[in-house]
Ligand code: GDP
Ligand code: IMO
Ligand code: MG
């Protein structure tokens, strides 16, 4: 049976974790295909909240094998901490498989992430400072260490010695920081972490293909989102991997024909953490309402998220970039706070209308949204379980998104809990 991709359509935190968990109830494998612990995916089950950074969102089901694919960058200490946290809370993590080809986040990646941000000054990206960009940069430069290197101390030390010579020159001569000690890093990674990570390492490509070949359902869970994509996002205000659906192939080791379903997750309004353009951004009282009602603070870094109205130019572009087959609209309940709700239908800049994303980013920086104003519904949606329990105005909102995006809406999420959703699936 072909695979399903879950992809964020905006700037992250759309509710991918919740939807992955929801869709994983019939799934054998859930594979994370990119990103690292810059992600924060929240799942709420029976009032208990689980905030996951690295472990795929299928972990909460005992029938699911969570897999960390080759496209992910892994800090083994963070991974072990997360597994311990889950075990303490009664979740079995023994099935977790980590691709041996996944790259490792090393101590110098954190330092370089922090220093690069400092040197960028007011142009800084607002990264999560988790070493993500520097780890992917080393992967592309072919000097990264991979999870499988933990199994071979000689190779690990050799690679570390070579790479640390360059990193220490950079840290001490350019950034005026203290050099790092290869022995200390090797002791930590090989001595403390490797023995505990080794049992998790495996051939993720073989595992995924065996599942596909035997007709099992496979779900590919994206982190970050379309407009944080290194190639298609609002560069340079992006992450350093490819969250778009194409990244699911590369980051897992499957081809496009192995994917039959791409579920685009759309928050009913827009949020962004960190710097970069945001045409529909709100400020003042309206922004405060969205932040408070939507609890828009980073799962991971605690930063207040920037907020704005839903932007259909972005959603149309996300449908194109990911070949999205259906949408899941999350946080519809949060919009119950408003008498009138605005939706960005197109942009305007220099007297020109843009129904699709302008390719030149200087244009994106100066566009003005063209809004359509819709009536709100002002009623509590959080107990709705079927379409006829949604007010007509909320249904009209979903219909507008679907018709403008050109794909059906399969789910509307009306609260953080696992049961809080309405399904429109046939
Ligand atoms: P992800 O990174 O895409 O997995 O999203 P996050 O977990 O970072 O952020 C989404 C937040 O919204 C989490 O706190 C979820 O528990 C919460 N959430 C998800 N769906 C809904 C919903 O439909 N309504 C409300 N009110 N909260 C939701
Ligand atoms: P999930 O999976 C929201 C943002 C950071 C910053 C930019 C680059 O929970 O949706 P990085 O540390 O990746 O180099 O930072 O990307 N960012 C996210 N924003 N949700 C995320 O993940 C994010 N992961 C990274 O805020 O602007
Ligand atoms: Mg998140």
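Annotations for the structure displayed:
- Cβ-Cβ under 7 Å pairs, at least 6 apart or on other chains, region 115-141 side more than 21 Å from residue 12 (Cα to Cα), far side surrounded by fewer than 16 Cβ atoms within 10 Å (Cβ to Cβ): 115/175
- Here the condition is being out of contact with any strand residue (DSSP E or B) (no Cβ under 8 Å at 6 or more places or on another chain) and closer than 29 Å to residue 373 by Cβ; of 295, 232, it holds for 295 alone.
- Within region 276-302, the set of residues being more than 25 Å from residue 400 (Cα to Cα) and either assigned to a strand (DSSP E or B) or touching a residue at least 40 places away in the same chain (Cβ under 8 Å) (or both) comprises 276, 297, 298, 299, 300, 301.
- Scanning region 40-60 turns up no residue that is over 30 Å from residue 276 (Cα atoms), part of a loop (DSSP other than H, G, I, E, B) and in contact with a helix residue (DSSP H, G or I) (Cβ under 8 Å, 6 or more places away or on another chain).
- The residue that is surrounded by the fewest Cβ atoms within 10 Å (Cβ to Cβ), counting only those in region 1-10 that are closer than 22 Å to residue 44 by Cβ and within 16 Å of ligand 2 (Cβ to nearest atom), is 10.
For every residue, the table says whether it meets (1) within 31 Å of the chain's Cα centre (by Cα); (2) under 30 Å from residue 17 (Cβ atoms).
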| residue | (1), (2) |
| --- | --- |
| 163 | yes, no |
| 169 | no, no |
| 175 | yes, no |
| 180 | yes, no |
| 218 | yes, yes |
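- Subset of region 357-387 (residues that are touching a helix residue (DSSP H, G or I) at 6+ places or on another chain (Cβ under 6 Å) and over 19 Å from residue 412 (Cα atoms)): 357, 358
- Here is the figure for region 247-266: residues that are buried (at least 20 other Cβ atoms within 10 Å of the Cβ) and within 27 Å of residue 74 (Cβ to Cβ) total 12.
- Residue in region 94-114 that is modelled with pLDDT of 95 or more, within 16 Å of ligand 3 (Cβ to nearest atom) and assigned to a loop (DSSP other than H, G, I, E, B) present: no
- Number of the condition not met by residue 82 [criteria: (1) modelled with pLDDT of 95 or more; (2) in contact with a strand residue (DSSP E or B) (Cβ under 6 Å, 6 or more places away or on another chain); (3) crowded, with 18+ Cβ neighbours inside 10 Å]: (2)
- Residue within region 253-263 that is free of Cβ contacts under 8 Å to residues at least 24 places away in the same chain and closer than 30 Å to residue 70 by Cβ present: yes
- Residue 58 passes every criterion in (1) within 16 Å of ligand 2 (Cβ to nearest atom); (2) modelled with pLDDT of 95 or more apart from (2).
- Test: residue in region 335-350 that is at positive phi and crowded, with 21+ Cβ neighbours inside 10 Å: no
- Counted residues, region 65-93 - those being farther than 17 Å from residue 110 by Cβ, in a loop (DSSP other than H, G, I, E, B) and under 20 Å from the mean Cα position of the chain (by Cα): 3
- So residue 99, is it surrounded by fewer than 21 Cβ atoms within 10 Å (Cβ to Cβ) and away from ligand 1 (no atom under 16 Å from the Cβ): no
- Which listed residue, of 280, 307, 239, is under 28 Å from residue 363 (Cβ atoms), surrounded by 24 or more Cβ atoms within 10 Å (Cβ to Cβ) and away from ligand 2 (no atom under 11 Å from the Cβ): 307
- Of the set (1) assigned to a loop (DSSP other than H, G, I, E, B); (2) more than 25 Å from residue 237 (Cβ to Cβ), all apply to residue 357 but (2).
- Positions within region 12-34 being under 20 Å from residue 130 (Cα atoms) and either surrounded by fewer than 24 Cβ atoms within 10 Å (Cβ to Cβ) or more than 10 Å from ligand 1 (Cβ to nearest atom) (or both), in sequence order: 32, 33, 34
- With respect to the stated conditions, residue 67 is surrounded by 24 or more Cβ atoms within 10 Å (Cβ to Cβ), more than 30 Å from residue 311 (Cβ to Cβ), modelled with pLDDT of 95 or more and more than 16 Å from ligand 2 (Cβ to nearest atom).
- Scan region 7-26 for residues that are modelled with pLDDT under 95 and closer than 17 Å to residue 229 by Cα and the total you get is 0.
- Residue list for region 1-39, restricted to those being within 16 Å of ligand 3 (Cβ to nearest atom), assigned to a strand (DSSP E or B) and within 15 Å of residue 266 (Cβ to Cβ): 6, 7, 8
- Test: residue in region 146-162 that is more than 16 Å from ligand 2 (Cβ to nearest atom), at pLDDT 95 or above and in a loop (DSSP other than H, G, I, E, B): yes
The values are calculated or read from the model by the stated rules, or taken from the named source; none is laboratory data. In this text the structure is predicted, and so the values were computed from the model without any measurement. Cβ coordinates were reconstructed from backbone atoms using ideal geometry, including for glycine residues, and neighbour counts include every protein chain displayed.
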